[in-house]
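What follows is a set of notes on a single structure, which appears directly below.
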Amino acid sequence: MELHQLEAPIPNRKSRKRVGRGEGSGLGKQSGKGHKGQKSRGSGKVARGFEGGQMPLQRRIPKFGFKNPFRTEYVALNLNQVADAITRGKLKNKITFADLQTANLVDKNDLVKLLGNGELTAAVEIEVHACSKSAKEKIEKAGGSVVLLAAPAVEEEKPAKKAKAAPAETTEPVAEAPAVEAEPVAESEASAVEEPVTEEPAAEASSEEEKSAE
């Protein structure tokens with residue numbers, strides 16, 4: 001195949017509908033929308049089930065029961081199916097779940113329930129996940145038995161929670177205070193501070209002499 005031999009798929013070859021191109025086109029004047037009304041308007045898009053404001057049909061009719069979302073669904077297996085498979089040689093007297101799969105009666109992921117529709121004359125031992133009362137009575141009456149299997153547990157894998165990393169402790173270096181150097185004291189100031197002030201004894205002697213003269 002060459003590049004010039006490529007063709008578009010058949011659904012892509014259909015040209016779009018051309019409306020409003022004259023009466024001769026079949027979709028002129030009203031462009032296929034009819035005369036007036038809500039649905040002829042550009043903004044008259046109506047939701048599915050809308051009936052102009054009156055009570056719609058899906059709300060008028062009565063509702064019964066419910067569907068259990070947590071139900072366990074079984075695949076029905078009747079006694080007449082088992083008896084037919086035995087007569088054809090697909091099953092033997094000891095019937096395992098793998099034998100039922102080989103006989104194309106069930107799938108590997110099915111939960112099988114044995115029902116009592118039909119008759120079974122052979123004494124069989126059969127493995128199923130559930131069994132009705134009538135089916136169990138008929139099998140035991142024929143000399144057989146029913147082995148109930150446990151339903152496979154479905155475990156949902158939960159994503160492992162990521163441990164939050166502890167924030168790294170950042171120790172900021174403590175800034176050392178700058179050393180304050182003592183300013184040198186002038187010698188005159190030092191002598192004024194260090195030498196104690198003493199009173200002159202001459203003044204005291206003169207005062208005593210004046211008192212004695214009086």
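Every number here is computed from the coordinates shown, using simple stated rules; none is lab data. Note that this is a predicted model, so its numbers are computed, not measured. With ideal geometry, Cβ positions are generated from the backbone for all residues, glycine too; neighbour counts draw on all protein chains shown.
Worth a mention:
- Shape descriptor for the stretch 75-148: Rg over Rh equals 0.91 (Cα atoms; Rh from the Kirkwood inverse mean 1/r).
- Peptides 41-53, 70-82, ordered by how many other C-beta atoms sit within 10 Å of their residues on average, highest first, read 70-82, 41-53.
- Whole-angstrom Cα spans of the stretch 45-119 along principal axes, big to small: 66, 26, 24
- Peptides 123-132, 56-65 ordered by packing proxy, namely the average of other Cβ atoms within 10 Å per residue, highest first: 123-132, 56-65.
- Listed residue pairs exceeding 20 Å between alpha carbons, taken from 17/39; 92/136; 113/136; 108/136; 92/141; 92/138: 108/136
- Normalised contact order of the stretch 75-148, rounded percent, pairs of Cα under 8 Å and 6 or more residues apart: 32
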